[in-house]
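Values in this text are rule-based calculations from the coordinates and carry no lab data. Keep in mind that what you see is a predicted model, and the values were worked out from it rather than measured. Neighbour counts run over all protein chains shown; Cβ positions are idealised from the backbone, glycine included.
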Amino acid sequence: MTEKILLELLRGYKLGEISEAETVTKLKNISLSSVENFGFAAIDHGRELRQGFPEVVYSPGKTKEQLKIIFKNLYDKSAGNLIASRASREQFEFLCEEIPAAIFDETARMIYVDRDKTLRRDERKKILIVTAGTSDVPVAEEARLTAYLWGNAVETCYDCGVAGIHRLFAHMDKIISANVIIVVAGMEGALASVIGGLTSRPVIAVPTSVGYGASFNGLAALLAMLNSCAAGVSVVNIDNGFGAGVLAAKINLD
């Protein structure tokens with residue numbers, strides 16, 4: 001976005017030549033060209049305006065130098081919270097020299113900057129995250145932290161899978177009161193169907209790669225969730241806690 005284009009747009013709005021809605025639309029369209037190219041990465045600075053959250057960085061496959069350049073650039077040129085997903089401690093320690101505000105969550109494997117620490121999250125539209133087992137918690141924590149940084153109130157119920165289903169029923173008040181439920185399960189992935197049959201709210205199922213040989217690194221859970229007979233269950237990719245957290249946050253916008 002050039003200064004000339006922006007000034008022309010603001011003057012048109014000020015003079016009443018274009019409406020407020022048209023101005024917003026034009027700004028979003030202009031943001032499509034707000035890309036900064038570093039050769040190894042093209043950073044989309046317009047994403048925050050279009051989608052309400054800055055570009056999120058997927059860390060695997062990037063050198064620590066590349067990750068630092070990308071994350072620092074986003075830090076300097078955005079206003080919202082920032083996320084680098086599936087990051088290592090080594091990448092974090094290299095990056096935090098430049099960005100002291102960055103935090104590393106070992107369980108979620110996420111580097112993040114929380115600029116909304118005083119944000120009041122709507123407890124009436126709570127996102128509930130449920131795991132079948134403790135081994136599913138890393139994926140669940142990725143979903144929890146993502147949804148939280150997107151501005152949502154989040155609650156968790158961990159280790160209450162179908163092998164001891166009475167543990168799940170102890171949390172029925174949370175299941176009934178949640179606005180969106182994320183279910184994280186490996187093995188046979190049955191928990192998503194069970195919870196889908198207990199609530200009228202949307203259920204986002206996250207298959208994990210937890211399980212023995214015939215689980216095929218999460219494929220069995222993925223197929224079971226896709227074939228759920230419970231109404232209102234959607235499914236994201238294997239181990240995709242981030243995708244589930246974002247989807248839950250977008251559902252909560254309505």
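Judged by the gyration tensor of its Cα atoms, with axes a ≥ b ≥ c, segment 77-201 is oblate; a/c meets the 1.5 cut and b/c is at least as large as a/b. With the charge dipole of segment 70-194 set up from +1 on Lys and Arg Cβ and -1 on Asp and Glu Cβ about the Cα centre, the Cα lying farthest toward the positive end among the listed residues 143, 178, 104 is that of 178.
With bins 5 Å wide beginning at 0, the percent of Cα pairs of the chain falling in each bin runs 1, 6, 12, 15, 15, 13, 12, 10, 7, 4, 2, 1, 0, 0. Between 37, 227, 81, the Gaussian network model of the chain with springs among Cα atoms under 10 angstrom shows the greatest mean-square fluctuation at 37. Across all C-alpha atoms in segment 34-118, the radius of gyration and Dmax reach 12.0, 37 Å.
Highest average first, the peptides 201-207, 61-67, 105-111 ordered by how many other beta carbon atoms sit within 10 Å of their residues are 201-207, 105-111, 61-67. As a proxy for reagent exposure, 157, 96, 229 were ordered by neighbouring Cβ count within 10 angstrom, fewest first; the result is 229, 96, 157.
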